[in-house]
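Below is one structure, written out as structure tokens; the observations come after it.
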Amino acid sequence: MDTMTRLAALAAECMESLWPDTEGLPAAEEIRGLLAVPPDPSMGDYAFPCFRLARPLRTAPPRIAEAMCAAWKREDVASVQPVNGYMNFFLNRVNFAAEIMSALQAQGDRYGASDLGKGKTVCLDYSSINIAKRFHIGHLSTTMIGHSLCRIYGFLGYTTVGINHLGDWGTQFGKMICAYKKWGTREGIEAGGLTEMTRLYVRFEAEAENDPALEDEGRAWFKKIEDGDPEALEIFRWFKEITLKEAMRVYDLLGVSFDSYAGESFYIDKMEPVIQDLRDKGLLTQSEGAWVVDLTEDKMPPCLILKKDGATIYATRDITAAIYRQNTYHFDKCLYVVAYQQDLHFRQIFRVLEKMGFPWAKDCVHVSFGMVSFDGEALATRKGHVVLLEDLLNQAVSKAREIIEEKSPNLENKDEVARQVGIGAVIYTDLSANRIKDINFQWDRALNFDGESGPYVQYTHARCCSVLRKAPDFSGVTPDWAALSDDEAQALLRLIGRFPDVIREAAEKYEPSMITRAVTDIAQAYNKYYYEHRILDGEPSLAAARVALTDAARSVIRTGLWLIGIEAPERM
């Protein structure tokens, strides 16, 4: 039982002893959720606000806090003080240190893991790149938020299914084939890959502004794909193969993989039964020649299912995909990590699924996020103004290599560390703030070794490893946890003790940045401890305790970085 759970249980016992027959008092689980950390450490380690008890007890919160503090009997856990309606807990520092360190030593690198999700499955739809287009910085957030959530849920015992829902259907592929047939060559595509394909696509868009007939040619080629024309399908599959081959280089750099690459085209032969089901349930209505699901009562525009010409759209395929995923994976949650601009789209398809009578529709969640710009410059694929993600990652590695050469010229594995630091800097920047916020990527912030950054947290991990390498063998020494009763050690222990809660909250809120924040706070707290205390000096039992705390910080930082998709170098 962790400290907060124990405090909540004891507070519940205290209430029961004081007011045994009163209804409406919170149980221990609710009390735990109400516990807060005071803004000033001098006010205590944790605080229980008694305002929640005022109504059932018909008593002012300050008087409730005073009564509970007077009845408190567990000084071995914490002493208490009433302050303005709060019951403030001052932990028994030695016992608290022993409790946290015991948990860490028992669980090791699995500290914070759980079987919370045992027997449950989470599908995650993320990255979802478009065929025949380069992987640009705008794909970074969906890729890394989704990848991190996969790791977080897996760490909590869930079965995860990572799905790259490829954008591999639509008129744009007819346009690409048209452009290729008019201005491209097979040799040019083989040599230039997506760069050449992007050049052709941009040219098509430019030419079509002056020659609208090109749009008709593009649609005609896509119709050939739909109809199974051998030449159109061969070119289409070739484009897809080239796209995935280049995308894999980026995924390898990021350490990202998927369980499924079933994209839009995968569902083309699965849509008709879904459309028929919509008809049979009386959900399809005709509107200006198209077939829609009316969502007026939900204060939303109608959800378009079939266009006037009978063609399907994104919504048709997403509804079909959701049904397929439930039938195939039997998910308990299906998360769609897609930018906030698609909010209406997902609200529509989730509502349509509800109207179709699927109770699991409530388990579909749109995990939205803000946009990414580079030094304030937005992205525009059609005009060709993009910051390619592979170029950004390679540049980050190169810049990290230069900094490492300057700071650690004698480091043996500079290239490997530069890769870890450069890639980590990009990922950390993306996952450092609440996911709904827009991100402006800037080199000076991303690669800052002294501020709140990936390199800073990684360097702290390497510092912990350095201390551990220098430490003598304490295997036969019993640590004296009284060595960890100082303010700096206690501040670090509180953050470490809260780490398992942070992981669970990050899963509940679909918010990897909570782990980024936690691991940064732990790194900062360890560095403060490191500068204030001589870790290896003094009696062996005291030094052993300080070394154990260093190992605990190392382990939790490493776990936190792994959960957000960042490697932890042991030397920097």
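Tabulated data for the structure shown
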| item | result |
| --- | --- |
| Fewest-first ranking of Lys181, Lys299, Lys470, using other Cβ atoms within 10 Å as the exposure measure | Lys299, Lys470, Lys181 |
| Pair Ser466, Glu23: separation of 7 Å Cα→Cβ label points (nm) | 6.4 |
| Gyration tensor verdict on the stretch 88-135 (Cα atoms; rounded if a/c is under 1.5, prolate if a/b is larger than b/c, oblate otherwise) | prolate |
| Whole-Hz couplings from phi, Karplus 6.51/-1.76/1.60, listed for the stretch 164-177; x for Gly and Pro | 9, 7, 4, x, 10, 8, x, 4, 4, 6, x, 4, 4, 5 |
| Ala70/Asp487 FRET efficiency (R0 25 Å; Cβ-Cβ; nearest 0.05) | 0.35 |
| Shape call, the stretch 391-563: gyration tensor on alpha carbons, a/c limit 1.5 | oblate |
| Debye, to nearest 20: dipole size of the stretch 459-552, +1 on Lys, Arg Cβ, -1 on Asp, Glu Cβ | 280 |
| Full-extension gain in nm, Ser408 to Leu34, via 0.36 nm per residue minus C-alpha separation | 130.0 nm |
| Table column - 3J(HN,Hα) (Hz), the stretch 439-444, Karplus curve with 6.51, -1.76, 1.60, x for Gly and Pro | 10, 10, 6, 9, 4, 4 |
| 0 to 90° range, to nearest 10: angle between helix 454-470 axis and the chain longest Cα axis | 50 |
| Those trypsin sites (Lys or Arg not before Pro) in the stretch 76-162 that DSSP places in a loop and that have at most 10 other beta carbons within 10 Å | Lys118 |
| Ranking of Val519, Val457 by count of other Cβ atoms within 10 Å, fewest first | Val457, Val519 |
| Share of Cα-Cα pairs in the chain lying beyond 35 Å, as whole percent | 50 |
| Residue-wise HN-Hα coupling along the stretch 495-504, computed from phi with Karplus coefficients 6.51, -1.76, 1.60 (Hz; x: Gly, Pro) | 5, 5, x, 7, 3, x, 5, 4, 4, 5 |
| C-alpha long axis of helix 414-430 to longest principal axis of the chain, angle in ° | 80 |
| Between helix 3-18 and the chain: long-axis angle, C-alpha atoms, 0 to 90°, nearest 10 | 60 |
| Share of alpha-carbon pairs per 10 Å distance bin for the stretch 352-474, given as whole % | 11, 31, 25, 17, 11, 4, 1 |
| Burial ordering of Trp562, Trp238, fewest other beta-carbon atoms within 10 Å first | Trp238, Trp562 |
| Tensor-based shape of the stretch 199-269 (alpha-carbon gyration tensor, a/c under 1.5 rounded, otherwise prolate or oblate) | oblate |
| Cα-based equivalent ellipsoid, the stretch 511-550: semi-axes from gyration tensor eigenvalues, Å | 27, 10, 4 |
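Bear in mind these aren't lab numbers, they're just calculated from the coordinates by the rules spelled out. Keep in mind that this is a model prediction, so the values were computed, not measured. For neighbour counting, all protein chains shown are included, and Cβ atoms are generated from backbone atoms with ideal geometry for every residue, glycine included.
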